[in-house]
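**Q** Quick one: structure below, then a few questions.
Every read-out reported here was derived from the displayed coordinates using simple, explicitly stated rules and does not represent laboratory data. Since we're looking at a predicted model, the values are computed, not measured. Methodologically, a virtual Cβ is constructed for each residue, glycine included, from the backbone with ideal geometry; neighbour enumeration extends over all protein chains shown.
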Amino acid sequence: MSCILVTGASGFVGRHLLTSLGAAGYAVRAAVRPSSRVGAADLIEIVRVPNFEEGLDWAPVLRGVSAVVHLAALAHTQADVTEQHYDRVNRAATKALADAAAKAGVAHFVFVSSIRAQSGPSADHVLDESDAPCPVDAYGRSKLAAEAAVAAAGMPCTIFRPVLVYGPQVRGNMARLVRLAASRLPLPIGALKNRRSVLAVDNLVAAIRLALAEPPAGRDTYVIADPDPISTADIITAMRAAMGRRPGLIALPAPLVLGLCRMAGGGVWERIGSSLVVDPGKLVRAGWKPVVDTRTALAQMMQAECRKCR
């Protein structure tokens, strides 16, 4: 029986994808690190593999695999990571897996890249697939190079460039916003009119499921986001409403908020106050149907976090 190999299966997106694929009756081989905690389930086989930087023989892992979903990566939220480190994990390891998959006769390779392969953390216009990729940091460059490696392997492939993904048990930048929303602090962002595209993890999983069901003949690349962008103020408002609380936002002038964020450092303004809007129209025309709207998904995420803390 052929199966789907999922790398990074113990990560945030991976756990949601395994649940969805298992419920749909797919046979899945989940590749995880030796230290990862993930339980086996019906139709899901757990394969523990070493750190990608150490190199590994993919041939036995790929035996009997008809499709690969490659999620494993070094995330851009990690501090003090060198360009060489990003390249080894995100580009070189992806190339090794893609080459091995092509050699093994895998019919379809799904690669979850990032919008950062196409753009910086903000953009002055709505992004779609017609924009020439222009990454601005080591993480984005490593993901774009990984896309090229997947395409060069020669098998049919689907490449997704998601924006910030959120959902229960989220990590990274959205987890920081969750902590802010959960606090009792009044936040000085009430006057911000920025627009951000975000992506519910269930909507990303739906896109991956679509790609697996309808593999391309060659290479397809899609930017992906929830259809309706939202302001950072509205994100906090939706999450606090899910807790039965008022927004608690103060409408300070945007230049003052900018100054405070710059004092905080770490690119806070780019994550909170700037705009990045993505048009997923190409994917919608290909048959993608988001399964949840943004405000509902934000509320579900916040309610799940609240239950976890009880």
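**Q** Tally the DSSP beta bridges in the chain and give the antiparallel ones as a percent, rounded to 5.
**A** Taking every DSSP beta bridge within the chain, about 5 percent pair in antiparallel fashion.
**Q** For LYS95, list the aspartates and glutamates whose Cα falls under 15 Å from its own Cα; do not include residues on the same chain fewer than 8 positions away.
**A** By straight Cα distance, LYS95 reaches GLU53, GLU54, ASP57, ASP87, GLU147.
**Q** With everything on Cα atoms, drop me the angle between helix 138-152 and the longest principal axis of the chain, reported from 0 to 90° to the nearest 10.
**A** 30
**Q** Now for a different question. State the answer as a single residue: which of SER231, LEU199, PRO156 lies farthest towards the positive end of the charge dipole of the stretch 149-248, with beta carbon charges of +1 for Lys and Arg and -1 for Asp and Glu, about the Cα centre.
**A** Comparing the listed Cα positions along the dipole, SER231 ranks first.
**Q** Measuring from label point to label point, each 7 Å out along Cα→Cβ, what is the ARG307 to ASP128 span in nm?
**A** Once both label points are built, they end up 3.8 nm from each other.
**Q** Another question about this same structure. Determine the dipole magnitude for the chain: charges of +1 sit on the beta-carbon of Lys and Arg, -1 on that of Asp and Glu, nothing else is charged, the reference point is the Cα centre, and the result goes in debye to the nearest 20.
**A** Computed charge dipole of the chain: roughly 1040 debye.
**Q** Is the C-alpha gyration tensor of the stretch 48-132 telling us rounded, prolate or oblate? Criteria: a/c under 1.5 is rounded; beyond that, a/b larger than b/c is prolate, otherwise oblate.
**A** Note, shape of the stretch 48-132 comes out oblate.
**Q** Which whole-number percent gives the relative contact order of the stretch 145-288, counting Cα pairs below 8 Å spaced six or more residues apart?
**A** 34
**Q** What is the dipole size for the stretch 1-147, taken about its Cα centre, with +1 at each Lys and Arg Cβ and -1 at each Asp and Glu Cβ, in debye to the nearest 20?
**A** Using Cβ point charges on Lys, Arg, Asp and Glu, the stretch 1-147 gives about 540 debye.
**Q** With a cut-off of 8 Å between alpha carbons and a minimum separation of six or more residues, what is the relative contact order of the stretch 93-190 in percent?
**A** 35
**Q** Using only alpha-carbon positions, what ratio does the radius of gyration of the stretch 77-126 give when scaled by 2.2 N^0.38 Å?
**A** Normalised Cα radius of gyration, the stretch 77-126: 1.49.
**Q** Sort the stretch 106-178 into rounded, prolate or oblate with this rule: let a ≥ b ≥ c be the square roots of the eigenvalues of the Cα gyration tensor; rounded if a/c is under 1.5, and if a/c is not under 1.5, prolate when a/b is larger than b/c, oblate otherwise.
**A** Oblate, since a/c reaches 1.5 and b/c is not below a/b.
**Q** Follow-up question, since we're still on this one. Which listed residue (ALA241, ALA24, LEU5) has the Cα farthest towards the positive end of the charge dipole for the chain, taking +1 on Lys and Arg C-beta and -1 on Asp and Glu C-beta about the Cα centre?
**A** ALA241
**Q** How would MET243, MET174 line up from fewest to most surrounding beta-carbon atoms within 10 angstrom?
**A** So the ranking, lowest neighbour count to highest, is MET243, MET174.
**Q** Please list, by residue number, every one of the trypsin sites (Lys or Arg not before Pro) in the stretch 144-197 that is coil in DSSP and has at most 16 other beta-carbon atoms within 10 Å.
**A** ARG171, ARG184, LYS193, ARG195
**Q** In addition: Cα axis of helix 12-23 to longest principal axis of the chain: angle in degrees, 0 to 90, nearest 10?
**A** Once rounded, the angle reads 60 degrees.
**Q** Follow-up. Given the Cα-Cα distance of SER2 and MET243 and 0.36 nm per residue of separation, how much length would full extension add, in nm?
**A** Here the answer is 82.3 nm.
**Q** Mean separation of Cα pairs under 8 Å and 6+ residues apart, divided by the residue count of the chain: what relative contact order is that in percent?
**A** After rounding, I find 18 percent.
**Q** Could you give the size of the charge dipole of the stretch 51-115 about its Cα centre, using +1 on the Cβ of each K and R and -1 on the Cβ of each D and E, expressed in debye and rounded to the nearest 20?
**A** In total the dipole reaches around 300 debye.
**Q** Separation between the ARG285 and LEU256 pseudo-spin-labels, each 7 Å from Cα along Cα→Cβ, expressed in nm?
**A** 4.6
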